[in-house]
Structures are given as structure tokens and as C-alpha cells.
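Note sheet for the following structure.
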2 protein chains.
Amino acid sequence: MRPAKTLERVVPIGTLAERTGVKVETIRYYEQVGLLPEPERSEGNQRRYGRAHVERLAFIKHARDLGFAVESIRTLLRLSDTPGMACDEAHAIAAEHLDEVRDKIARLRSLEAELARIATVCSGGVAASDCAVIEALADHSHCEHHGH
Amino acid sequence: MRPAKTLERVVPIGTLAERTGVKVETIRYYEQVGLLPEPERSEGNQRRYGRAHVERLAFIKHARDLGFAVESIRTLLRLSDTPGMACDEAHAIAAEHLDEVRDKIARLRSLEAELARIATVCSGGVAASDCAVIEALADHSHCEHHGH
DNA sequence: CCTACAACCTGTAGCCACTACAGCTTCAAG
DNA sequence: CTTGAAGCTGTAGTGGCTACAGGTTGTAGG
């Protein structure tokens with residue numbers, strides 16, 4: 001009896017995909033754009049991943065889930081690969097991204113307010129040519145700047 | 001003396017762009033994908049827009065600013081073009097979009113919380129190989145589901 | 001009337017971060 | 001040894017623009 005799949009140390013791409021929650025195609029894409037290093041290959045040219053790959057891909061997924069751009073992740077990975085490197089740069093990337101996220105939240109909130117207004121006006125089911133939803137979209141009087 | 005530009009009734013694409021805040025290339029793109037009807041042309045084949053175009057494009061811009069997908073806008077425009085059409089469908093589109101926006105806000109907020117945690121840990125300027133930002137990204141213990 | 005130059009035209013390619021497919025080869029269970 | 005899932009490469013498509021290249025038109029000043 002072989003060890004169970006979850007204990008195997010060298011796995012094919014499908015297993016890596018399962019373990020990290022990243023799709024097979026996306027893994028190959030990450031390799032292509034240089035986020036994930038090229039793995040060893042089997043005799044038949046199939047990718048074989050080890051522990052280090054699982055960890056690195058998990059890092060990437062986590063950062064992507066947090067909305068970091070691939071370019072930022074590349075930098076973060078470079079930083080994490082460089083022992084003794086100053087943390088300042090990594091911190092700056094995270095802080096900048098946090099700013100962007102807060103900005104986005106603010107914009108979505110003002111947007112939510114206007115949408116809520118639009119969506120409620122004609123919820124009574126008025127079947128008419130002057131639908132309030134349409135009018136609200138045509139009418140810019142309530143439309144403050146949502147910013148960029 | 002001709003009327004001032006802001007009073008002209010038939011304008012070239014650049015003026016339409018200025019008035020609506022939509023870039024020239026984007027206007028042509030909207031025409032290409034069928035959001036904006038093909039306008040009249042000058043003798044020399046240049047687009048000439050009238051009042052109706054300005055209004056329609058303003059509608060499109062407003063909806064885009066609110067985050068409606070082009071496909072949804074297409075439907076909304078069709079509805080607004082159809083006199084006596086039931087408002088229900090327009091309402092459904094707006095309500096669905098509102099749901100999506102609220103979802104997005106919720107996800108961004110949990111994301112903000114994690115990012116804030118990440119960004120503060122090493123703000124003291126610890127220059128070390130075990131940068132807290134990097135570690136926080138490598139470490140999934142704090143990482144609740146951010147949802148899709 | 002002529003010239004200069006901004007604004008316009010079409011068509012194509014690029015952007016991001018994937019996703020999907022076509023057409024093939026390899027792996028592993030039965 | 002057969003079968004079928006899983007792997008491979010390479011290319012094209014997605015959305016919503018944006019950015020050229022290389023040409024034509026409109027118009028204000030001289």
C-alpha cells in the first residue's frame with residue numbers, strides 16, 4: 001500500500017490544483033508569466049510538484065485573493081526570496097494596496113446608495129413607459145461624483 | 001456670428017466626448033458593439049451627433065459609472081426604447097446589480113481587515129528576513145474565506 | 001485661395017488575469 | 001493490455017476599453 005495522496009511529496013498538476021484551490025490552467029499560466037518556477041518533469045514530460053511549489057502557490061493564491069496585482073506579487077515573491085531584505089518595500093506595497101481597497105470601498109458605498117434609491121422607486125410594479133429605473137439612470141440630478 | 005459650441009445641435013465626436021466625459025475611442029467602441037446607434041456622417045465621412053446621442057451616451061456613462069455591465073446596459077436601453085414595456089425587468093436588473101455591489105462591499109471589508117493587519121505589523125521598520133508582511137501572506141491561519 | 005495642423009477616419013494590436021478549446025500524449029487502475 | 005482520466009502545447013477568446021499607425025477632412029489664419 002502506497003502512502004495516501006495527501007502525504008505524497010511529489011504530485012502532478014491536478015493534485016496541486018486540488019490542494020491549493022487554483023485551477024490547472026491558472027497554474028500553467030503562473031508558470032508562463034514567471035510567478036511559479038518551472039517544476040521537474042516526469043519521463044513523459046508531465047509536471048511534478050514538491051512541497052516548495054505548494055507553499056509558493058498558496059502564497060500567490062492568498063495574495064491574489066487579497067486583490068494584489070500579479071506584478072505586486074512578483075515583487076513580494078522576490079522580496080521573500082531575498083534573505084535579509086528590508087521589509088520596507090513589502091510594507092509599502094501592502095499599505096498602498098490597503099489605500100486602494102479603502103478607496104474602492106468608499107466608491108462602492110456611494111454607488112450602493114444610488115443603486116438602492118434606483119432599485120426601490122418602482123418596486124411597486126408600475127408597468128409604464130416612464131419606468132423609474134430607466135428615468136433614474138437618465139436623470140443625473142442625484143448623481144454626485146462617484147470618483148474614478 | 002455662429003452659436004457657441006455648447007449650443008450647437010450637431011457636433012463632431014470630440015465635442016460629444018467633451019460634453020459627456022466619454023473618450024473618443026470609447027464612443028466609437030460603443031458604436032461598434034451596438035450600444036450607440038450609428039450617427040449621420042458629414043460629406044467627408046465624419047460622425048455628426050445630435051441631441052439624442054448626447055442623452056443616450058450620458059445614460060450609458062451613468063450606468064457604466066454605476067458598474068452596470070455593457071450587456072445589462074444593452075437591455076436597459078432596449079427597455080427604455082420600448083414604450084409601455086413593463087418596468088419589472090429593469091427593476092430586476094437594478095436589484096440584482098445592487099446585490100452584487102453589496103456582496104463586493106462585504107468582501108472588500110473583510111479584505112480590508114486582513115490587509116490592515118498585514119500592513120501594520122511591521123510598520124516599525126524591522127529590516128529582517130522574516131518580514132511580517134511576507135509572513136502574513138505566507139500564513140493562512142488568519143485567512144477566513146473571503147468568498148469568491 | 002492656400003496652407004498648416006488639429007481633429008477625424010479605419011483597422012489592428014495590446015492590456016489584465018485568466019479561461020476554453022483542439023488535438024495530441026501519458027499515466028495508472030483493472 | 002486496454003481504457004479513459006489526466007496531462008501536454010499552442011492558440012484564441014473574454015470584457016471594456018486603450019493605443020497605435022497611417023491615412024483623410026475640417027477650419028482658422030495669413
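Could you grab me the full set of residues in region B:41-74 that are more than 11 Å from every other protein chain (Cβ to nearest Cβ) and under 23 Å from the mean Cα position of the chain (by Cα)?
Correct list: B:49, B:51, B:52, B:53, B:54, B:57, B:69, B:70, B:71, B:74.
In this structure, is residue B:80 at pLDDT below 90 and of a type in the set (S, T, N, Q)?
yes
Run down B:103, B:130 and say which single residue is more than 7 Å from chain A (Cβ to nearest Cβ), loosely packed, with under 14 Cβ neighbours inside 10 Å and modelled with pLDDT of 75 or more.
Of the residues listed, the single one that is more than 7 Å from chain A (Cβ to nearest Cβ), loosely packed, with under 14 Cβ neighbours inside 10 Å and modelled with pLDDT of 75 or more is B:103.
Please work out which residue is farthest from the other protein chains (Cβ to nearest Cβ), limiting yourself to region B:6-23 and to residues that are surrounded by 15 or more Cβ atoms within 10 Å (Cβ to Cβ) and more than 9 Å from DNA strand D (Cβ to nearest atom).
Filtering first and then ranking leaves B:13.
Quick one: in region B:47-72, of everything that is more than 12 Å from residue A:137 (Cβ to Cβ) and part of a helix (DSSP H, G or I), which residue is least open to solvent (accessible area, probe 1.4 Å)?
Only one residue fits best here, namely B:57.
The values are calculated or read from the model by the stated rules, or taken from the named source; none is laboratory data. From a predicted model like this one, the values you see are computed outputs, not experimental measurements. Reconstructed Cβ throughout: ideal geometry from the backbone, glycine too, with neighbour counts over all protein chains shown. Surface areas here come from the heavy atoms of the whole protein model, side chains and all, with no ligands, DNA or RNA. Shrake-Rupley method; radii C 1.70, N 1.55, O 1.52, S 1.80 Å.
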